[in-house]
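Engineer: One structure, pasted below without further comment.
The values are calculated or read from the model by the stated rules, or taken from the named source; none is laboratory data. Computed from a prediction, not measured in an experiment: that's the story for all the values here. Don't worry about glycine lacking a Cβ; one is built from the backbone with ideal geometry, like all the others, and counts go over all protein chains shown.
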Amino acid sequence: MIEAYGLTKRYGAKTAVYNLTFQVRPGAVTGFLGPNGSGKSTTMRMILGLDTPTSGQVTVGGHAFKGLPNAPRQVGALLDAKAVHGGRSARNHLLSLAQLSGIPTRRVDEVLGVVGLQEVGKKRSKGFSLGMGQRLGIAAALLGDPQVLLFDEPVNGLDPEGILWVRNLMKRLASEGRTVFVSSHLMSEMAQTADHLIVIGRGQLMADMSVNEFITRNSVGFARVRTPEGEPEQQEKLTAVLQEAGGQPQPEGDGALRVTGLPLPHISDLAHHAGVRLWELSPHQASLEEAYMRMTQGSVDYRSTVDERAGLQQQMPGGPLPGQQMPGGLPGTPMPGQHMPGAPVPGPPMPGGPVPGQQMPAQQGGWAPPPPPPQDAPNPYARAEGGDAR
Amino acid sequence: MAHVSRVLKSEWTKVRSVRSTLWTLVASVVVTVGLGAMICTLTQSEFSRMSTRSQLTFDPTYTAFAGMSLGQLAMIAFGVLVVSAEYGTGMIRSSLTAVPQRGTFLLCKVLVAGLLVLVVGMVTSFATFFLGQALLGDHGTNIGEPGVLRAVLGGGLYMTLIMLFSLGFTFVMRSPLLAFAILMPWFFLVANILGSVSATKKFAQYLPDQAGGTVMSVVPDSLDRPYGPWGGLLIMVAWTAVALLAGYVVLKKRDA
């Protein structure tokens with residue numbers, strides 16, 4: 001059991017962690033989620049007594065870490081896979097840690113086997129891949145067979161097989177009644193591993209709940225509505241009607257509409273009254289990743305700007321400009337309407353950047369499910385073209 | 001002060017399992033003994049051409065230890081590396097997670113590194129002394145003469161102290177780059193220059209290496225210092241204690 005009360009850490013003017021209060025319970029994998037730089041590692045270091053909190057406190061099993069009797073037998077941690085002396089062999093690295101905690105030498109060979117490094121135990125860790133380094137770090141955490149385990153980004157650099165292995169390891173450790181606290185910036189990873197979630201953004205607690213509850217609370221349901229292909233006026237009509245009724249229809253890449261704010265039966269009624277036939281009307285839940293992104297949107301420290309590639313783009317030699325080709329370029333597919341640019345974009349993404357990307361509604365963020373075509377490709381011609389379409 | 005023996009064992013594993021330990025210690029022995037031997041050979045052949053004053057205050061023991069000025073740099077490197085191996089790699093977090101009692105951690109590092117270097121330093125000191133005297137021939141001295149055994153033992157202590165000073169200093173600096181960049185030029189050049197220039201000599205003779213070095217001299221007139229050989233070593237002990245104490249305070253106070 002890890003308990004934090006009002007945990008705060010300031011580095012000069014920058015507050016890395018602010019007023020965090022949470023509990024990590026035994027018998028479950030607790031995911032610790034937040035974007036890069038949100039204070040996850042700082043929090044973990046404070047739990048381990050490496051950093052002193054500016055205010056507040058954190059205890060493990062009721063004790064401050066420094067006061068824990070025989071801490072390494074109770075708490076195991078993987079903080080940084082690279083935190084190994086490259087010139088020392090994996091086995092000697094673990095041996096020095098084992099001796100620190102009074103753990104018998106034979107345990108070192110055991111954990112090397114557990115993480116699958118028995119073959120390279122005598123090799124200097126300098127030559128290890130990132131994945132092997134992670135395994136070595138996990139081995140170090142397991143050494144003391146501790147009841148409380150902390151892992152900071154354990155799947156970084158692992159191959160799919162390794163990720164699966166870590167996932168199962170975490171679950172197994174939790175099922176043995178241990179406290180497992182795993183940080184990650186990947187919601188999708190946590191969704192498959194964790195039972196409970198603690199989400200922080202900019203050092204502040206944003207959510208502390210079970211994974212299922214997190215999904216229910218944070219994911220907004222939406223309806224996918226598809227009108228008959230080849231009849232764009234049907235879709236336009238429906239869009240107008242839905243907007244009038246207070247819904248927010250947004251075109252999706254494949255020609256369907258994503259409607260939020262209206263229950264499904266109501267959409268059906270509206271379509272019926274408007275005389276619009278529907279080929280599809282289906283309920284959907286936003287994915288966990290989307291919920292997480294929405295929650296932490298305001299608290300991302302490092303956001304990239306669009307690469308304008310100003311002056312770097314070369315014109316295609318001869319022929320019409322790619323952007324201009326678009327409207328007539330895909331015969332047999334419905335044309336984008338006047339204000340409904342839900343143009344389907346089959347085939348390879350055109351270098352000119354197709355029109356729909358331009359009109360991506362702002363509130364949708366950058367994560368509409370169908371991987372968006374190169375919407376951000378800032379081709380000046382495509383931009384001009386998009387303007388014409390309006 | 002829990003589990004000191006465990007931490008000692010672990011520190012020993014850390015020290016013996018990296019190659020830098022072997023390299024720095026071997027370099028220190030080879031350079032000290034080799035350079036000492038070279039200078040003794042030169043002195044032996046040039047002795048008749050030296051001034052009378054130089055001949056009268058000639059200190060065969062101190063001459064044998066001439067290689068120490070370069071050999072100590074390897075010891076400094078060892079002291080820096082023992083600590084920076086923790087900070088440079090991030091291993092310090094694993095270590096301090098396992099030993100939350102930071103005082104114990106530092107003490108055990110000091111003990112393991114100190115004892116190892118004491119042994120190596122003593123071996124070096126005796127080797128360089130005996131080889132030097134053999135090469136000096138008639139101008140040499142022997143271990144039974146007054147003050148000579150003290151000087152030879154002092155040579156081993158000197159090496160240990162300079163290493164511990166660097167170790168403590170690196171705990172303050174926490175970065176191998178900073179520690180090397182300050183310690184190496186300081187002990188190789190700056191301290192020696194300050195010690196030779198008459199204007200700064202008064203203060204420079206209290207610097208750790210300048211003061212500690214007197215313990216290796218047998219003929220006090222050759223150095224002209226206001227303190228004796230043991231007094232000089234004591235000054236160096238004080239410096240080392242301060243460095244280690246400062247290292248301890250930084251280790252205790254700062255986030256790892």
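Engineer: Kindly list the number of the only condition in (1) more than 14 Å from every other protein chain (Cβ to nearest Cβ); (2) in contact with a His (Cβ under 7 Å, 6 or more places away or on another chain) that fails for B:MET91.
Structural biologist: (1)
Engineer: With the range A:173-262 as the region, which helices (runs of 4 or more DSSP H) entirely inside it contain at least 2 residues that are free of Cβ contacts under 8 Å to residues at least 24 places away in the same chain?
Structural biologist: Where helices (runs of 4 or more DSSP H) fall fully within the range A:173-262 and carry at least 2 residues being free of Cβ contacts under 8 Å to residues at least 24 places away in the same chain, they are A:211-218, A:232-244.
Engineer: Quick test for you: out of A:ARG167, A:ARG202, pick the one residue that is within 18 Å of the chain's Cα centre (by Cα) and at positive phi.
Structural biologist: A:ARG202 is the lone residue from the list that is within 18 Å of the chain's Cα centre (by Cα) and at positive phi.
Engineer: Just to check your reading of the model, which residue among A:LEU321, A:LEU278 is surrounded by 14 or more Cβ atoms within 10 Å (Cβ to Cβ) and either in contact with a His (Cβ under 9 Å, 6 or more places away or on another chain) or modelled with pLDDT of 75 or more (or both)?
Structural biologist: A:LEU278
Results for (1) within 18 Å of the chain's Cα centre (by Cα); (2) surrounded by fewer than 19 Cβ atoms within 10 Å (Cβ to Cβ); (3) of a type in the set (Asp, Glu); (4) within 14 Å of another protein chain (Cβ to nearest Cβ), shown as yes or no for each residue.
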position	(1), (2), (3), (4)
B:GLU11	no, no, yes, yes
B:SER20	yes, yes, no, yes
B:THR24	yes, no, no, yes
B:SER28	yes, no, no, no
B:CYS40	no, no, no, no
B:THR57	no, yes, no, no
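Engineer: Kindly evaluate B:ALA98 against the criterion of being farther than 24 Å from A:ASN70 by Cα, within 14 Å of chain A (Cβ to nearest Cβ) and not aromatic (Phe, Trp, Tyr).
Structural biologist: no
Engineer: Let me ask something else about it. Give the residue that is surrounded by the fewest Cβ atoms within 10 Å (Cβ to Cβ), with candidates limited to residues of the range A:287-317 that are touching a strand residue (DSSP E or B) at 6+ places or on another chain (Cβ under 7 Å) and at pLDDT 70 or above.
Structural biologist: A:MET295
Engineer: Restricting to the range A:76-114, give me the number of residues that are closer than 24 Å to A:TRP165 by Cα, among the small types (Gly, Ala, Ser) and either at the interface with chain B (Cβ under 8 Å from one of its Cβ atoms) or buried (at least 24 other Cβ atoms within 10 Å of the Cβ) (or both).
Structural biologist: Total satisfying the criteria: 7.
Engineer: Okay, moving on. Going by the conditions given, is B:VAL83 of a type in the set (A, V, I, L, M), closer than 27 Å to B:TYR248 by Cβ and more than 12 Å from the chain's Cα centre (by Cα)?
Structural biologist: yes
Engineer: Mind telling me which of the residues B:VAL99, B:VAL110 ends up being surrounded by 17 or more Cβ atoms within 10 Å (Cβ to Cβ), closer than 30 Å to A:THR52 by Cα and more than 16 Å from the chain's Cα centre (by Cα)?
Structural biologist: Unique residue meeting the criteria: B:VAL99.
Engineer: Oh, and also: Residues in the range B:193-203: is at least one at pLDDT 85 or above, assigned to a helix (DSSP H, G or I), surrounded by 21 or more Cβ atoms within 10 Å (Cβ to Cβ) and not aromatic (Phe, Trp, Tyr)?
Structural biologist: Scanning the range B:193-203 turns up no residue that is at pLDDT 85 or above, assigned to a helix (DSSP H, G or I), surrounded by 21 or more Cβ atoms within 10 Å (Cβ to Cβ) and not aromatic (Phe, Trp, Tyr).
Engineer: Turning to a different aspect of this structure: Which of (1) part of a loop (DSSP other than H, G, I, E, B); (2) of a type in the set (Lys, Arg); (3) under 22 Å from the mean Cα position of the chain (by Cα) is the odd one out, the single condition A:ARG294 does not satisfy?
Structural biologist: (1)
Engineer: Now for a separate question. Name the one entry in A:ARG25, A:ARG73 that is surrounded by fewer than 21 Cβ atoms within 10 Å (Cβ to Cβ), more than 9 Å from chain B (Cβ to nearest Cβ) and modelled with pLDDT of 90 or more.
Structural biologist: Every option except A:ARG25 fails the conditions.
Engineer: While we're on this one: Just give me the residues in the range B:66-88 being within 14 Å of another protein chain (Cβ to nearest Cβ) and free of Cβ contacts under 8 Å to residues at least 60 places away in the same chain, in sequence order.
Structural biologist: Within the range B:66-88, B:GLU86 is the sole residue that qualifies.
Engineer: Somewhere in the range B:167-178, is a residue over 30 Å from B:MET91 (Cα atoms), surrounded by fewer than 19 Cβ atoms within 10 Å (Cβ to Cβ) and in contact (Cβ under 8 Å) with a residue 40 or more places away in the chain?
Structural biologist: no
Engineer: Collect the residues in the range A:28-66 that are small (Gly, Ala, Ser), within 14 Å of chain B (Cβ to nearest Cβ) and more than 19 Å from B:GLN101 (Cβ to Cβ), keeping them in residue-number order.
Structural biologist: A:GLY39, A:SER41
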